[in-house]
Amino acid sequence: MNKSEISRRHFVNRAAKSFLGVSAIAGLPKGLTAAGAGASTLKQLATAKQVIYLYMSGGMSHIDTFDPKKTGSEVMGPNKRIPTSADDMFFTNYLGRLRRHADKLCVINSMTSTQGAHKQGNYYMHTSYELRSSIKHPAMGAWTLQFQGKNNPEIPANVLIGGDSNHPGSGFLESKLSPVALTDPEGGLRNGTMRMEEEKFKFHLDLAKKLDQPFIEKYDQKNVRAYTDMYDDAITLMNSRDLKAFDLADEPTALKEKYGKDRFGQGCLLARRLVEHGVRFVEVSTGGWDTHSSNFVTLPEKAEVLDQALSALLSDLERRGMLDDTLVVVATEFGRTPEINTNEGRDHHPQAFSCLLAGGGVKGGTVHGKTDERGAKILADPVTIPDLNATIGYALGLPLDQVLYSPSMRPFTVADKGKPVVSLFG
């Protein structure tokens, strides 16, 4: 690729940013976007229309949240195990609100991963594939748009709230499938209004298209066209009545307080607004779960934030009649050790941990899988990370066995070799 081609790509991307103030996470992949390899034979009827994916970055301790052991046992420290409104489902005393929503929850206490480092574990959880230097794999939001397209053509269909640049985005798929990233949920979609007079904007847009035309004709590829399509998407968005979906100012103060005034709580509220307006996949990410030291000081505050926000989200979705077709996922890259180290913390433990599902056709009030009395080993029904992602894909009705080819002509499917845990659905 010569210098002029790189400059042209840089110009187009920066121009789109300046008009709208947002950008896709994934850069332009080399080569062509993947092509399909025939219809799936495993496509099932969807139980969910959209996903709210809550990611606990850093490795959430399962023992201190959704898989506590008997109060007073050596692994629990000062924590206590409390019953919930569902039989055989127990939480720690930090999740006092969420215990009342147990009838909506499916807790998976038998998650297991092959990745014990943060970067690799994060990537694996989002993509079902191990991190490689030679290729970047799509996250679940990108796979969803690849197969199902937009619900609402006027606004982004894949949104990441509070995430960071480690998110794999669209991987080898088209860059337009990447999530739009919002750091501050209360800041909304910044610069969503036109920065110049409409007539002047149209003049510059027409000029840019004329300048781009020879380049587009020479390199008539999907990923090249995707950058020019950003202009049209920007105009559609700026003129859309649904742009208000990104503005939390419309929400009552009392409801904002119910979610929690921290960024994660407000991110969950924004996620509800977005799926209400047709956004297919919203991820809300929060860090601070890497408790190598002071676990019993840090974790109560983190669990309190999760407890308040998730409880409010579940109540809100149910009240609006949206829980049945919205799959809520709570995920993390791995768990923490039963052993408490010399710094009063817990270390990485990919061998066994917990994730959670709610809504979207999932059977509430259920616990899947079991760990031993220390939370160290899985005793029953292990679920791999590809299995979890296949289960999300199953709920959305994605063709799990349909093969797409990367630019290097390597075959890939939504969740690699993962198998959906169909017994979780009612």
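The values are calculated or read from the model by the stated rules, or taken from the named source; none is laboratory data. Just so you know, these numbers come straight off a predicted model, no measurement behind them. Reconstructed Cβ throughout: ideal geometry from the backbone, glycine too, with neighbour counts over all protein chains shown.
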Query raised in the report: Restricting the range 124-136 to residues that are more than 11 Å from Thr384 (Cα to Cα) and crowded, with 24+ Cβ neighbours inside 10 Å, which is nearest to the chain's Cα centre (by Cα)?
Result: His126
Report task. Would you mind telling me which numbered condition in (1) more than 23 Å from Ser165 (Cα to Cα); (2) of a type in the set (S, T, N, Q); (3) touching a residue at least 40 places away in the same chain (Cβ under 8 Å) Gln266 fails? Result -> (1)
Report summary line: For Thr84, the lone unmet condition from (1) over 28 Å from Asp325 (Cα atoms); (2) without any contact (Cβ under 8 Å) to a residue 40 or more places away in the chain is (1)
Query raised in the report: In the range 139-163, which residue that is in a loop (DSSP other than H, G, I, E, B) and within 12 Å of the chain's Cα centre (by Cα) is modelled with the lowest pLDDT?
Result: Gly163
Query raised in the report: For the subset of the range 56-78 comprising residues that are surrounded by 24 or more Cβ atoms within 10 Å (Cβ to Cβ) and not hydrophobic (A, V, I, L, M, F, W, C), which member is nearest to Lys119 (Cα to Cα)?
Result: Gly59
Query raised in the report: Which is within 25 Å of Val275 (Cα to Cα) and either in a loop (DSSP other than H, G, I, E, B) or in contact with a helix residue (DSSP H, G or I) (Cβ under 6 Å, 6 or more places away or on another chain) (or both), of Asp316, Asp387?
Result: Asp316
Report summary line: Counting only residues in the range 369-396 that are more than 23 Å from Val414 (Cα to Cα) and not charged (D, E, K, R), the one surrounded by the most Cβ atoms within 10 Å (Cβ to Cβ) is identified as Gly375
Report task. Considering each residue of the range 315-330, count those that are over 17 Å from the mean Cα position of the chain (by Cα) and surrounded by 23 or more Cβ atoms within 10 Å (Cβ to Cβ), and give that number. Result -> 1
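Per-residue answers, yes or no, for (1) part of a strand (DSSP E or B); (2) modelled with pLDDT of 95 or more; (3) more than 20 Å from Ala380 (Cα to Cα):
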{"residue": "Ser85", "(1), (2), (3)": "no, yes, yes"}
{"residue": "Tyr94", "(1), (2), (3)": "no, yes, yes"}
{"residue": "His101", "(1), (2), (3)": "no, yes, yes"}
{"residue": "Cys106", "(1), (2), (3)": "yes, yes, no"}
{"residue": "Asn109", "(1), (2), (3)": "yes, yes, no"}
{"residue": "Thr114", "(1), (2), (3)": "no, yes, no"}
{"residue": "Lys119", "(1), (2), (3)": "no, yes, yes"}
{"residue": "Tyr123", "(1), (2), (3)": "no, yes, yes"}
Report summary line: Checking Ala226, Ala254, Ala208 in turn, the sole residue that is part of a helix (DSSP H, G or I), modelled with pLDDT of 95 or more and among the small types (Gly, Ala, Ser) turns out to be Ala254
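Quick grid of which residues meet (1) closer than 26 Å to Gln120 by Cβ; (2) in contact (Cβ under 8 Å) with a residue 60 or more places away in the chain; (3) surrounded by fewer than 24 Cβ atoms within 10 Å (Cβ to Cβ):
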residue: Gln148; (1), (2), (3): no, yes, yes
residue: Asn152; (1), (2), (3): no, yes, yes
residue: Pro156; (1), (2), (3): no, yes, no
residue: Ile161; (1), (2), (3): yes, yes, no
residue: His167; (1), (2), (3): yes, yes, yes
residue: Pro179; (1), (2), (3): yes, yes, no
residue: Thr183; (1), (2), (3): yes, no, yes
residue: Gly187; (1), (2), (3): no, no, yes
Query raised in the report: Within the range 408-426, which residues are crowded, with 16+ Cβ neighbours inside 10 Å and either among the charged types (D, E, K, R) or farther than 30 Å from Asp347 by Cβ (or both)?
Result: Phe412, Thr413, Val414, Asp416, Pro420, Phe425
Report task. For the range 358-406, enumerate the residues that are within 15 Å of Ala48 (Cα to Cα) and not aliphatic (A, V, I, L, M). Result -> Gly359, Gly360, Gly361, Lys363, Gly364, Asn389, Thr391, Gly393, Tyr394, Gly397, Pro399
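Pick from Val329, Val305, Val284: which is among the β-branched types (Val, Ile, Thr) and either assigned to a helix (DSSP H, G or I) or more than 30 Å from Phe147 (Cα to Cα) (or both)?
Matching residue, one of Val329, Val305, Val284: Val305.
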Report task. Examine the range 341-355 for a residue that is free of Cβ contacts under 8 Å to residues at least 40 places away in the same chain and in a loop (DSSP other than H, G, I, E, B), and state whether such a residue exists. Result -> yes
